[in-house]
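Bear in mind these aren't lab numbers, they're just calculated from the coordinates by the rules spelled out. Treat the numbers as computed from the prediction; the structure is a model and nothing was measured. Note: ideal-geometry Cβ built from the backbone for every residue, glycine included; neighbour counts use all protein chains shown.
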Ligand SMILES: Nc1ncnc2c1ncn2[C@@H]1O[C@H](COP(=O)(O)OP(=O)(O)OP(=O)(O)O)[C@@H](O)[C@H]1O
Ligand SMILES: [Mg+2]
């Protein structure tokens, strides 16, 4: 059973993908927790398994995925939920804002139709259509979309990427979901729009007291919008703690390298500055996955996976060599 104060717990999650007759081991024993009303960041370079992790939370992994571990939503294991409970989770519990806003809405229905469907599951089915319609209009206005009446009549292709993402946010909020899984919101859009989307999410989260998992490549975005951060490398959380603490005293060599790559935390991408690349998931290193790129690696790192260790109160790291660990 999960801890009461955590709305979401991911424990020892592993996800592999079967492709032809090969298996790639992507997510490897990942743990993280989200408290009620907490904003938690998940940072890591492209391909480290962030989207895969969010999909596991909603139990929407593709068919070729094999997964192990537990995802607890309000103490209930998502893996053990029946169809009804899963529908409830996706419609009322947790909503995902997808990385690519064009894939999130159904192209053959108008925004209004999709909104009504979403709201019908949330409220008593007997609530009259006019009331729901008005709620949708209010939600669209709350995400600063001009002319919500027109948008309700539009098909997704008639909207820009930024508008589509706002529509998704409005739906998540109006449906009264408690957890927002935001997968690089705005990254597919230009920088000013991305900034507006992030500000919008931060404002709504504050107003509604939502819990958030904010996924991003950008350390700047994470620093601004989260209170707790998980640093992810090749399918594992290598360091976690209060955002300010991790940013001011990074412990894992990977986190240190990330911080060193960016002279100013302006939200630039990461990883270009770290020599090497993420491992081949078909044949990942047996010990620490960062080992082949790590300047501090020792013999033990090649052989064993480092355990999750509390290096300072509330500041966790998976590394044999980090300060505070030995
Ligand atoms: N359905 C799938 N079948 C096979 N491999 C997959 C599948 N989905 C994802 N992967 C692999 O899993 C790894 C992690 O992918 P994921 O999309 O979770 O990364 P990410 O951290 O979200 O990256 P990005 O920052 O680029 O969005 C990648 O190597 C990807 O190729
Ligand atoms: Mg992704």
Taking Cα atoms, how many degrees apart are the long axis of helix 129-142 and the longest axis of the chain, rounded to 10 and kept between 0 and 90? 50 degrees
What do you get when you divide the Cα radius of gyration of the chain by 2.2 N^0.38 Å, with N the number of residues? 1.02
Note down the Stokes-Einstein diffusion coefficient of the range 91-238 in µm²/s, whole number, using a Kirkwood radius over alpha carbon pairs, 10 °C, and 1.306 mPa s. 101 µm²/s
Please arrange 321, 261 by counting, for each residue, the other beta carbons lying within 10 Å of its beta carbon, fewest first. 261, 321
Compare 167, 60, 15 in a GNM of the chain, Cα atoms joined below 10 Å, and give the one with the largest fluctuation. 60
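Quickly estimate the mean residue ellipticity at 222 nm for the chain, helices only: each DSSP H run with n ≥ 4 gives -39500 (n - 2.57), and the total goes over all residues, rounded to 500.
Working: 11 runs with 105 residues, N = 326.
Only helices count here, giving -9500 deg cm²/dmol.
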Going by alpha carbons, how many degrees (0 to 90, nearest 10) lie between the helix axis of 111-122 and the longest principal axis of the chain? 80 degrees
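Considering only DSSP beta bridges whose two residues both sit in the chain, what percent are antiparallel, to the nearest 5?
Percent antiparallel among DSSP bridges in the chain is about 65.
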